[in-house]
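Since the structure comes first, as structure tokens, the remarks are kept for the end.
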Amino acid sequence: MTGDGALRIATWNVNSVRKRMGRLVPWLESRSPDVVCLQETKVEDDLFPEEALREAGYHAAILGQKTYNGVAVLSRHPLEVVSRNLGDGGDDTQARLLDVRTGGLRLIDVYIPNGKEVEDPAFVYKLEWMARLARYLEVRCDPGEPLILCGDFNVAPEPIDLHDPVGGDGKVLFHPDEREAFARFLRWGMVDTVRHHHPDTPVFSFWDYRRLAFPRNEGYRIDHILVTRPLLPRCREAFVDREARKGKEPSDHAPVVAVLDPL
DNA sequence: ATGGTTGCTTAGCAA
């Protein structure tokens, strides 16, 4: 809590929730977010550390699987699940989406496929999944409703969003096709909160474990909190919590936080 | 430099 009733909404790819509990719980205690969307929990639902997180003060909605992927939404308030995965008749075998209502808000937590390499079939799957998500917004959501779409999008939207936009052009995370798929979310009616509040500031949310990328600040801004227009006047600030990437055994991603004025 | 590191699961995959 910020002490004035503001809501803190966060998204964090933790790269295994069980491995990261020693950092996640102190982070929850120090930052006191109201809602936290997690990605890459990498755990089946019956092994999710729900009790420890309950003791830290959070309800949880979870959609996990063994070894890979997995999303969860933690909230100070009880959660109602609107949808687990896209539910459109396409492949839903990977745990990548949770659509929930909590504390008077609707949030969609996504872990968009990484895509591996542009030449890989996984990249085709990524583009198809993003098109399915756009369709999900069109069919099951309304740009006139207060809605938050956040998570690991695995897309750096603009040149400012990666350390080497020339070298990265046409590669995974910054390919024109995935940038266009991301732009479609914005055209539908979502606003990128971090970029809205910091139009000209390079900020990254992911640094590869390899190549000493973090100390060199060779990063990408691929984790996003998007909001529909009705929420924008309430969004006071949005930022990357870079401190959470420092120190021993970090995730390769930092949390992104948006601060909303109360209704 | 098709390099490098981390996590899950145990040698190979995903990121």
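A few comments on the model shown:
- Look at segment A:80-97: where a residue is over 16 Å from A:Cys141 (Cβ atoms) and a partner is modelled with pLDDT of 95 or more and of a type in the set (Lys, Arg), sitting 6+ places away or on another chain with Cβ atoms under 7 Å, you get A:Gly90/A:Arg132.
- A:Glu158 vs. criteria surrounded by fewer than 17 Cβ atoms within 10 Å (Cβ to Cβ), in contact (Cβ under 8 Å) with a residue 40 or more places away in the chain and either within 16 Å of DNA strand B (Cβ to nearest atom) or charged (D, E, K, R) (or both): no
- Scanning segment A:44-54 for residues that are touching a residue at least 24 places away in the same chain (Cβ under 8 Å) and away from DNA strand B (no atom under 15 Å from the Cβ) gives a single hit, A:Leu53.
- Qualifying positions in segment A:17-36 - touching a residue at least 40 places away in the same chain (Cβ under 8 Å), within 16 Å of DNA strand B (Cβ to nearest atom) and not charged (D, E, K, R): A:Val17, A:Gly22, A:Trp27
- Condition met for A:Leu107 (in a strand (DSSP E or B) and either more than 13 Å from DNA strand B (Cβ to nearest atom) or more than 20 Å from A:Cys37 (Cβ to Cβ) (or both)): yes
- Cβ pairs under 7 Å, 6+ apart, first in segment A:238-263 and at pLDDT below 95, second part of a strand (DSSP E or B) and away from DNA strand B (no atom under 16 Å from the Cβ): A:Pro262/A:Leu7
- Criterion applied to A:Thr41, A:Thr11 was being within 16 Å of DNA strand B (Cβ to nearest atom), closer than 26 Å to A:Leu263 by Cα and either modelled with pLDDT of 95 or more or of a type in the set (Phe, Trp, Tyr) (or both), and the one residue passing it is A:Thr11.
This table checks each residue for (1) in contact with a Lys or Arg (Cβ under 9 Å, 6 or more places away or on another chain); (2) surrounded by fewer than 20 Cβ atoms within 10 Å (Cβ to Cβ).
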{"site": "A:Phe182", "(1), (2)": "no, no"}
{"site": "A:Val194", "(1), (2)": "yes, no"}
{"site": "A:Tyr209", "(1), (2)": "no, yes"}
{"site": "A:Glu218", "(1), (2)": "yes, yes"}
{"site": "A:Leu231", "(1), (2)": "no, no"}
{"site": "A:Asp241", "(1), (2)": "yes, yes"}
{"site": "A:Ala244", "(1), (2)": "yes, no"}
{"site": "A:Lys248", "(1), (2)": "yes, yes"}
{"site": "A:Ala258", "(1), (2)": "yes, no"}
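- Residue in segment A:210-225 that is aliphatic (A, V, I, L, M) and more than 25 Å from A:Pro113 (Cα to Cα) present: no
- The conditions of being of a type outside the set (Ser, Thr, Tyr) and within 16 Å of DNA strand B (Cβ to nearest atom) are not met by A:Phe185.
- Per-region count, segment A:124-155, residues farther than 22 Å from A:Thr41 by Cα, surrounded by 20 or more Cβ atoms within 10 Å (Cβ to Cβ) and within 14 Å of DNA strand B (Cβ to nearest atom): 0
- Screening segment A:110-128 for residues that are touching a residue at least 40 places away in the same chain (Cβ under 8 Å) and part of a helix (DSSP H, G or I) and picking the one that is farthest from A:Asp34 (Cα to Cα) gives A:Phe123.
- Only residues that are outside any strand (DSSP E or B) and under 26 Å from A:Arg135 (Cα atoms) were counted across segment A:41-97, and they come to 18.
The values are calculated or read from the model by the stated rules, or taken from the named source; none is laboratory data. Only a predicted model underlies this, so the values are computations on that prediction, with no experimental measurement involved. We place every Cβ from the backbone using ideal geometry, glycine too, and count neighbours over all the protein chains shown.
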